[in-house]
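Asker: The structure is given below, and queries will be raised subsequently.
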Amino acid sequence: MCRLSDPRHSFTTMYELLVFVHILSAVVWVGGGVFVQVQARQTFRNGDQAAIGKYIDSLEEVSKVIFNVAPPLTLLAGIGLVVWSPAWGFSQFWVYGALALVALSIVFGAVLSGKAMGTIRDAAGSGDGRSLATGISNLARFSTIDILVLLAILALMVFKPGV
């Protein structure tokens, strides 16, 4: 059995620990995003403004746990893997491509989707059907783009083009 204090196994153990954290947090991030999108489509489909308002409130609470923890943990563990392993480097396409896509995910997943959720919350509370429809449309578009960006990152991680 490998122990963290055993210097003969420190590289393997740290690398394996970083891989585990990286994959686990990525699963939570991507899986959470897909689940939220499926649930949002079902909630928005019925058009009940009270239910939509409740959904947005609960989504904001869940987002604090999932989307404020999993993405930075995934990113930090990934950076740790590149730093820790002599096989990977920041000059490799799949690494810097993934980092660029993470920045794009922040724009679509956090900034633009967050604004759309605010519009939906405000419109559901005020009964403004037009703003509600706009917010829902924007959230669907931005979150779909974010999921596609996350899948592109996943493809880079799995296939490591250029290696």
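The values are calculated or read from the model by the stated rules, or taken from the named source; none is laboratory data. Small disclaimer: the values here were computed from a predicted structure and weren't measured. Cβ atoms come from the backbone with ideal geometry, glycine included; neighbour counts cover every protein chain shown. We work out accessible area using only protein heavy atoms, side chains counted, and drop any ligands, DNA or RNA first. Shrake-Rupley method; radii C 1.70, N 1.55, O 1.52, S 1.80 Å.
Asker: Please specify each residue of segment 20-62 satisfying the condition of being open to solvent by 80 Å² or more (accessible area, probe 1.4 Å) and not in a helix (DSSP H, G or I).
Answerer: Correct list: N46 only.
Asker: Out of all the residues in segment 85-96, which are crowded, with 17+ Cβ neighbours inside 10 Å and assigned to a helix (DSSP H, G or I)?
Answerer: Selection gives W94, V95.
Asker: Another one. Tell me which residues, restricted to segment 104-114, are within 11 Å of L150 (Cα to Cα) and either over 17 Å from the mean Cα position of the chain (by Cα) or surrounded by fewer than 18 Cβ atoms within 10 Å (Cβ to Cβ) (or both).
Answerer: Matches in segment 104-114: L104, I106.
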